[in-house]
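Undergrad: Structure incoming, see below.
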Amino acid sequence: MPETPPTGPSTMSHGDQPRHDQVHFFADEDRVALLEVDVPDETSAPTSLWKDAWNQVKVRPLFWISAVMIVLVILVAIFPYWFTNTEPRQCDLANSYGGPEAGHPFGFDRQGCDIYARTIYGARASVIVGTLTTIGVTLIGSIIGGIAGFYGKWVDSILSRIGDVFFAIPLLLAAIVTMQVIDRNVWTVALVLTVFGWPQIARITRGAVLSVKNSEFVTASQALGLSKPAILAKHVMPNALAPIIVIATVSLGTFIVAEATLSYLGIGLPPTVVSWGGDISNAQAAIRTNAQVLFYPAGALGLTVLSFMMMGDVVRDALDPKARTR
Amino acid sequence: MSTESSSQFVASDADQPLLEVRDLEVSFSTSSGEVKAVKGADLTVYPGQTVAIVGESGSGKSTSAHAVIGLLPENGSVTGGTIKFAGRDITHLKPKEAEALRGSEIGLVPQDPMSNLNPVWRIGYQVKESLKANNVKTSRAGRQQLSGALVSEELTDHKDDDLYLGSDAKKTLIAELTTALGQSPDAEGKLADADERLAVGSSTRAEVRVIMAELGLPDAENRVNSLVTGGSIDDRVAGLLAEAGLKDAERRARQYPHEFSGGMRQRALIAIGLAARPQLLIADEPTSALDVTVQRTILDHLAGLTSELGTAVLFITHDLGLAAERAEHLIVMYRGNVVESGPARQILDAPKHPYTQRLVSSAPSLASRRIQSEHAAAVASGTETGDSSSAPADNIIVAKDLTKVFRLPGKRPGSHTNFTAVDSISFELERGKTLALVGESGSGKSTAANMALNLLEPTSGSITFDGVDVSTLGKKELFKFRRRVQPIFQNPYGSLDPMFSIYRSIEEPLRVHKVGDAKSREARVRELLDLVSLPQSMMRRFPNELSGGQRQRVAIARALALKPEVIVCDEAVSALDVLVQAQILTLLNDLQAEFGLSYLFITHDLAVVRQIADSVCVMQNGKIVEAAATDEVFDNPKQAYTRELLAAIPGASLSIGGGMAS
């Protein structure tokens, strides 16, 4: 309790004392010291959106699990020979559907190829197609979406309708049709997926840009004499980046699945390229008798996609202000 | 049952506190550990009394009130002290018990009228919901039972207050009155009078009896007693809305929130807060988002309504003038503590705690004068020469017949309607002086500011800057013009790019205009930070680490970077706490004296105008209704609208804030 002020007692008991509202109470000056008005806090560590996000992400186990898995997948994709000495294309029909043995832990498939080696080498195609497509989609989508959102009016109408047209065509259907007529390799698969996959990112970007472009700092830059393209590039896009990154991370998994689906259908990568989708397709003949032939490539595909999706979730929690709990 | 018993208990002893909070402590668990928001607060509200909690943002005033009504956020909890309501300890109620208490015994009028009504439901439905949630007897069976009992038995007066006039009963009564009055000369006037005074769902049986007897309905008592047997729930909803001051309430109840203005929404929220006739109403900054004139009518109405109903009000506000005007008893909170409490007058006249003293002395009000800081005076005495007063007025900005018409989409596709935001206004800004454009929301003042900044093209009329018509500027000249006129905006959270460090934010204008090299730019940024009294170490930080006032300082530093001649301040201090606001205004004043800046000051707050402006243009509906020197406008307002604005300044009638003048 503070010391009793001279104007009257401020004790809690009732009785013959005056009503509380008649008492002029004031706190002891030492108890509630007066601070200078609005003094900057120089002691706290400087932070930014990215630092905040990092601080939030680094304590989550899900982040570390998915990060380790992603790094592993990327290492496998770049340096498959670090993980196996067996050539995936050197097959001996004598080993057809052979079980696991020393040096061949997963056994052999129908052609007598080593399943472990094929699973390891299959990562490259998936990761390359997934990464290339994501980069392409993000670039095209964010540029078109950014321009549409920022300039508005007829520019927005035209770009958004073009996006709607591509959005209306199912990604796989379009890929099936176009892959029939063009040369099939990692690059063309990525290209086709990019051409039909960008509208989603464009829409997200357009929305994010719309919410940023009316900010006062944008008006302030206009009053500064900054040109419109410069404002878009310097102020608007960096502030719209968070949702784009989130969608990009999640869709990387989706594109890996799309590549596998195309290869499974026999219209993705040619059989000469080792890929999980192709191997899953080849394994279906023996699902009942030799399930391990299907299990390993499918499991690798599942884990890879899962790790990218988990990473996307963690990144969204860290970057999306609405999902942030502080 | 519990409602009745407790209300009788309170009514019998007005000297017993209705709400008694002792040593209240509230903590929030955050990622950086436990944070104490309220540290031992005491507050007492007696029945029927209005008590105001005053404090700046973060002082714990809203948190205390939310603890009382059991609406703390999930990570907050009461960690000490007691809350007693009507003699009952409600500190740690179970969720069910707290629900029963809320609405029926403690009502709440929330802060933001825009987000506190559900946009998909009609207003009437939302009022009805609050009646139903609190079990106000409105079910058909309950009403029939009650009215049956009342008609048959001898009627006693104390039950009359539970019975409201129904819409059918009103029609019948008016019809009977029409026949009774017949051809008498004043029949028409009396009927109109009856129609106005008989409020469906709001007039009680006793009131209706008095009204009808006065107007000359024969055998008024018996007729009224048999007819007024309680209205339907829809009648009651209309009555509640009418009580809250909504005209044409029955029709309004069928509308949706988007059809209401901010003031009307706040009235609907007051109707909801008072629907179940609580004994205590907590009003959390109920009018902070509204224009001053709207604020005044709503608070007047609320005061009348609560005193009529005998409801106690706990009023939360950051505005000392408003609190002192509206409450008998003030509680001043600072950093989670109650630093002073007592009768409003006593606190204003003799503030004891240094924080209260500071608050009282810097409260902007009618009594305050233009800021005269020592710094400004020193600079002025050094530069002022004898002939400056005799020289002809040197106007840096002259706006002539400025008009802006916006095209809005019409009802049919392809059609459009025109909306005139700014209607042929003219003003002059003298070099080195401050001109304020004052007006309420929608008066066109911000549109005018954007045209002065050359961000919006006028539909007609012209703006002359330093003798040159700005509409004739080519691309290069426009770029040069940008250097000479800079804006400062209202929202301290929106005016800085969150992705830019403070250094980059302040440096950007220099880089865009290619001033100096990297090294000289850094020196200039350091100089600018000194100018706005921010430590140079803030350079590496990001806007989210700064308080609103500090961000506004950064915005000022950024605006000053290019050594402009004119700064357009669009509500630059409106979002800040009073003390911070005074600090920023003093800073702006010092800078003006030092660099001879001219300010075009856009604001809705006349009290601020008096502190900073040399001359004022009062805007209403896109037109300038009054333009004169500041003192002239304040001491001798010519227009009714200006007088209304002046009268609506909170605390206008009280002599606080005199510290600035003396």
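Nothing in this text is a laboratory measurement; each read-out follows from the coordinates by a stated rule. Since the structure is predicted, the reported quantities are computational estimates derived from the model, not experimental observations. Virtual Cβ from ideal backbone geometry, glycine too; neighbours counted across all protein chains shown.
Undergrad: Compute the angle between helix B:518-531 and the longest alpha-carbon principal axis of chain B, please, reported from 0 to 90 degrees and rounded to the nearest 10.
TA: 50
Undergrad: Sticking with this structure for a sec: Using just the helices of the protein assembly as shown, give the 222 nm mean residue ellipticity in deg cm²/dmol: DSSP H runs with n ≥ 4 each add -39,500 (n - 2.57), and the total is spread over all residues, rounded to 500.
TA: -15000 deg cm²/dmol
Undergrad: Sticking with this one: Looking at the protein assembly as shown, which Cys residues are left with no other cysteine's beta carbon under 4.7 Å from theirs?
TA: B:Cys569, B:Cys617
Undergrad: Relative to the first principal axis of the alpha-carbon coordinates of chain B, what is the inclination of helix B:502-512, with its axis defined by its Cα atoms, in degrees from 0 to 90 and to the nearest 10?
TA: 50
Undergrad: Where nothing but the Cβ of Lys and Arg (+1) and of Asp and Glu (-1) is charged, how large is the charge dipole of the protein assembly as shown around its Cα centre, in debye to the nearest 20?
TA: The calculation lands at about 3920 debye.
Undergrad: What is the average number of partner chain Cβ atoms found within 10 Å of a Cβ in B:45-58?
TA: Across the residues of B:45-58, the mean count of other-chain Cβ atoms within 10 Å is 1.
Undergrad: Still on this structure, I have one more. Once you mark the GluC sites (Glu not before Pro) that are in a DSSP loop and have at most 10 other Cβ atoms within 10 Å, what is the longest gap between them in chain B? Write out the running numbers ahead of the final one.
TA: On the way: sites that count: B:Glu74, B:Glu153, B:Glu154, B:Glu384.
Result, exposed sites excluded: B:385-662.
Undergrad: Sort A:Tyr296, A:Tyr97, B:Tyr355, B:Tyr46 so the one with the fewest other Cβ atoms within 10 Å of its own Cβ comes first. Write out the running numbers ahead of the final one.
TA: Numbers: A:Tyr296 24, A:Tyr97 15, B:Tyr355 27, B:Tyr46 20.
Going from least to most buried by this count: A:Tyr97, B:Tyr46, A:Tyr296, B:Tyr355.
Undergrad: Find the relative contact order for chain A and round it to a whole percent, using C-alpha pairs within less than 8 Å whose residues are 6+ positions apart.
TA: Worked out over chain A, it gives 20 percent.
Undergrad: Towards the positive end of the charge dipole of the protein assembly as shown, with charges on Cβ (+1 Lys, Arg; -1 Asp, Glu), say which of B:His318, A:Leu159, B:Ile270 has the farthest Cα.
TA: Selected residue: A:Leu159.
Undergrad: May I ask for the angle, rounded to the nearest 10°, between helix A:153-168 and the longest principal axis of chain A, with both axes built from Cα atoms and the value confined to 0 to 90°?
TA: 40
Undergrad: Sort B:Ile331, A:Ile231 so that the residue with the fewest other Cβ atoms within 10 Å of its own Cβ comes first and the one with the most comes last.
TA: Taking fewest neighbouring Cβ atoms as first place, the list is A:Ile231, B:Ile331.
Undergrad: Over chain B, what is the relative contact order in whole percent, taking alpha-carbon pairs under 8 Å and six or more residues apart?
TA: 15
Undergrad: Something else now. Can you put B:Phe500, B:Phe634 in order, fewest other beta carbons within 10 Å first?
TA: Lowest to highest Cβ neighbour count: B:Phe634, B:Phe500.
Undergrad: Only Lys, Arg, Asp and Glu count, each charged at its Cβ (+1, +1, -1, -1), so figure out the dipole size of chain A about its Cα centre, rounded to 20 debye.
TA: Charge dipole, chain A, about its Cα centre: 1400 debye, nearest 20.
Undergrad: Between A:Val177 and A:Lys58, what is 0.36 nm times their sequence separation minus the Cα-Cα distance? Round to one decimal in nm.
TA: Between A:Val177 and A:Lys58, full extension yields an extra 38.5 nm.
Undergrad: Quickly rank B:291-300, A:124-133 as a protection proxy: mean count of other C-beta atoms within 10 Å, highest first.
TA: Per-residue mean Cβ counts within 10 Å order the peptides as A:124-133, B:291-300.
Undergrad: I'd like the antiparallel share, as a percent to the nearest 5, of DSSP beta bridges with both residues in chain B.
TA: Details: 51 of 88 bridges.
Given both bridge residues lie in chain B, the antiparallel proportion sits at roughly 60 percent.
Undergrad: Moving on. Taking springs between alpha-carbon atoms closer than 10 angstrom, which of A:Ala240, A:Ala223, A:Ala286 fluctuates most in the Gaussian network model of chain A?
TA: A:Ala223
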